[in-house]
Amino acid sequence: MNVPEDLNYAETHEWLRLDGADGTVGITDHAQAELTDVVYVELPAIGKTVKARDQICVVDSVKAASDIYSPVSGTVTAVNDALSSNPALINTDPYGEGWIFKIRIEAGEDVETLKSPAQYREQISAPGEGEI
(Lines give C-alpha, C1' and ligand atoms only; values in the text may rest on other atoms or scores of the structure.)
Protein backbone atom coordinates (compact mmCIF):
# COMPACT_ATOMS: atom_id res chain seq x y z
CA MET A 1 0.00 0.00 0.00
CA ASN A 2 1.10 3.52 -0.78
CA VAL A 3 1.64 5.56 2.43
CA PRO A 4 3.23 8.94 1.51
CA GLU A 5 5.78 10.29 3.97
CA ASP A 6 4.49 13.90 3.86
CA LEU A 7 1.08 13.17 5.38
CA ASN A 8 -0.46 12.53 8.79
CA TYR A 9 -2.97 9.70 9.23
CA ALA A 10 -6.07 9.08 11.33
CA GLU A 11 -6.79 5.67 12.78
CA THR A 12 -10.03 5.77 10.74
CA HIS A 13 -8.01 5.85 7.45
CA GLU A 14 -8.18 9.55 6.55
CA TRP A 15 -5.04 11.46 5.62
CA LEU A 16 -4.14 15.11 6.29
CA ARG A 17 -1.73 17.20 4.22
CA LEU A 18 -0.69 20.32 6.13
CA ASP A 19 -0.18 23.73 4.55
CA GLY A 20 0.29 26.18 7.42
CA ALA A 21 -3.04 26.55 9.23
CA ASP A 22 -4.86 24.74 6.43
CA GLY A 23 -5.14 21.08 5.61
CA THR A 24 -6.32 18.88 2.78
CA VAL A 25 -8.13 15.65 3.67
CA GLY A 26 -8.84 12.44 1.79
CA ILE A 27 -8.95 8.71 2.42
CA THR A 28 -5.92 6.48 2.24
CA ASP A 29 -4.93 4.09 -0.51
CA HIS A 30 -5.65 1.27 1.94
CA ALA A 31 -9.18 2.60 2.57
CA GLN A 32 -10.03 2.98 -1.12
CA ALA A 33 -8.74 -0.54 -1.81
CA GLU A 34 -10.94 -1.95 0.97
CA LEU A 35 -13.99 -0.06 -0.31
CA THR A 36 -13.36 -1.07 -3.94
CA ASP A 37 -15.08 1.00 -6.65
CA VAL A 38 -16.28 4.35 -5.27
CA VAL A 39 -19.57 5.36 -6.92
CA TYR A 40 -20.69 8.42 -4.92
CA VAL A 41 -19.23 10.95 -2.48
CA GLU A 42 -21.45 13.04 -0.22
CA LEU A 43 -19.29 16.15 0.18
CA PRO A 44 -19.41 18.29 3.33
CA ALA A 45 -20.82 21.83 3.21
CA ILE A 46 -18.32 24.66 2.83
CA GLY A 47 -18.34 26.61 6.10
CA LYS A 48 -19.24 23.55 8.18
CA THR A 49 -17.44 23.54 11.53
CA VAL A 50 -16.34 20.18 12.91
CA LYS A 51 -14.41 18.74 15.82
CA ALA A 52 -11.69 16.15 15.37
CA ARG A 53 -13.19 12.67 14.85
CA ASP A 54 -16.64 14.07 13.88
CA GLN A 55 -18.32 12.31 10.96
CA ILE A 56 -18.14 14.81 8.09
CA CYS A 57 -19.21 13.04 4.91
CA VAL A 58 -19.91 9.65 3.31
CA VAL A 59 -18.20 7.67 0.56
CA ASP A 60 -20.35 5.04 -1.17
CA SER A 61 -18.80 2.15 -3.05
CA VAL A 62 -20.15 -0.95 -4.72
CA LYS A 63 -19.21 -2.73 -1.48
CA ALA A 64 -20.41 -0.37 1.31
CA ALA A 65 -21.16 3.14 2.47
CA SER A 66 -18.38 4.45 4.70
CA ASP A 67 -18.47 7.43 7.05
CA ILE A 68 -15.53 9.79 6.69
CA TYR A 69 -14.28 11.56 9.81
CA SER A 70 -12.46 14.85 10.14
CA PRO A 71 -8.94 14.20 11.42
CA VAL A 72 -8.78 17.67 13.01
CA SER A 73 -11.09 20.38 14.35
CA GLY A 74 -11.81 23.31 12.06
CA THR A 75 -13.95 24.80 9.32
CA VAL A 76 -14.38 23.34 5.83
CA THR A 77 -13.02 25.87 3.33
CA ALA A 78 -13.32 23.92 0.06
CA VAL A 79 -14.60 20.64 -1.35
CA ASN A 80 -13.46 18.66 -4.36
CA ASP A 81 -16.37 19.23 -6.74
CA ALA A 82 -14.70 16.95 -9.31
CA LEU A 83 -15.77 14.00 -7.13
CA SER A 84 -19.43 14.76 -7.92
CA SER A 85 -18.96 13.79 -11.56
CA ASN A 86 -16.00 11.43 -11.10
CA PRO A 87 -16.02 9.76 -7.66
CA ALA A 88 -13.56 7.15 -8.96
CA LEU A 89 -10.78 9.74 -8.51
CA ILE A 90 -10.67 8.46 -4.93
CA ASN A 91 -9.67 5.05 -6.32
CA THR A 92 -7.31 6.21 -9.04
CA ASP A 93 -5.51 9.02 -7.17
CA PRO A 94 -6.41 8.99 -3.44
CA TYR A 95 -3.55 11.33 -2.44
CA GLY A 96 -3.87 13.74 -5.36
CA GLU A 97 -6.94 14.44 -7.48
CA GLY A 98 -9.05 12.31 -5.12
CA TRP A 99 -8.83 14.67 -2.13
CA ILE A 100 -12.21 15.26 -0.46
CA PHE A 101 -12.14 18.58 1.44
CA LYS A 102 -9.91 21.37 2.74
CA ILE A 103 -10.11 22.60 6.29
CA ARG A 104 -8.90 25.63 8.25
CA ILE A 105 -7.40 23.97 11.31
CA GLU A 106 -8.73 25.29 14.61
CA ALA A 107 -6.63 23.33 17.10
CA GLY A 108 -3.06 22.53 16.10
CA GLU A 109 -2.79 20.02 18.92
CA ASP A 110 -5.22 17.76 17.01
CA VAL A 111 -2.43 17.13 14.48
CA GLU A 112 -0.24 15.72 17.27
CA THR A 113 -2.79 12.94 17.88
CA LEU A 114 -2.52 11.68 14.28
CA LYS A 115 -0.28 8.83 13.20
CA SER A 116 3.02 9.16 11.38
CA PRO A 117 3.43 7.23 8.11
CA ALA A 118 5.37 4.51 9.98
CA GLN A 119 2.64 4.21 12.64
CA TYR A 120 -0.08 4.02 9.98
CA ARG A 121 1.84 1.34 8.04
CA GLU A 122 2.07 -0.65 11.26
CA GLN A 123 -1.70 -0.25 11.84
CA ILE A 124 -2.71 -1.52 8.41
CA SER A 125 -0.26 -4.42 8.50
CA ALA A 126 -1.48 -5.75 11.88
CA PRO A 127 -3.87 -8.72 11.49
CA GLY A 128 -7.48 -7.52 11.63
CA GLU A 129 -6.46 -3.91 12.33
CA GLY A 130 -6.47 -2.62 8.78
CA GLU A 131 -10.15 -3.27 8.15
CA ILE A 132 -12.46 -0.32 7.65
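The values are calculated or read from the model by the stated rules, or taken from the named source; none is laboratory data. Not measured: the values here are computed from a predicted model. So basically every Cβ, Gly included, is an ideal-geometry build from the backbone, and we count neighbours across all protein chains shown. These area figures cover heavy atoms from the full protein model, side chains too; ligands, DNA and RNA do not enter into them. Shrake-Rupley method; radii C 1.70, N 1.55, O 1.52, S 1.80 Å.
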If we scan the range 65-73, do we find a residue that is within 18 Å of Gln119 (Cα to Cα) and aromatic (Phe, Trp, Tyr)?
no
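Residues to consider are Ser61, Ser70; find the one that is closer than 17 Å to Thr92 by Cβ and of a type outside the set (Asp, Glu).
Ser61
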Which of the strands (runs of 3 or more DSSP E) found entirely inside the range 1-53 contain at least 3 residues meeting this: over 12 Å from the mean Cα position of the chain (by Cα) and more than 14 Å from Ala78 (Cα to Cα)?
38-42
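Rundown of residues vs (1) open to solvent by less than 30 Å² (accessible area, probe 1.4 Å); (2) among the hydroxyl-bearing types (Ser, Thr, Tyr); (3) touching a Lys or Arg at 6+ places or on another chain (Cβ under 8 Å), yes/no style:
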{"position": "Pro4", "(1), (2), (3)": "yes, no, no"}
{"position": "Tyr9", "(1), (2), (3)": "yes, yes, yes"}
{"position": "Thr12", "(1), (2), (3)": "no, yes, yes"}
{"position": "Leu16", "(1), (2), (3)": "yes, no, no"}
{"position": "Gly20", "(1), (2), (3)": "no, no, no"}
{"position": "Val25", "(1), (2), (3)": "yes, no, yes"}
{"position": "Val38", "(1), (2), (3)": "yes, no, no"}
{"position": "Pro44", "(1), (2), (3)": "yes, no, no"}
Report, by residue number, each residue of the range 103-117 that is closer than 15 Å to Val50 by Cβ and in contact with a helix residue (DSSP H, G or I) (Cβ under 8 Å, 6 or more places away or on another chain).
Ile105
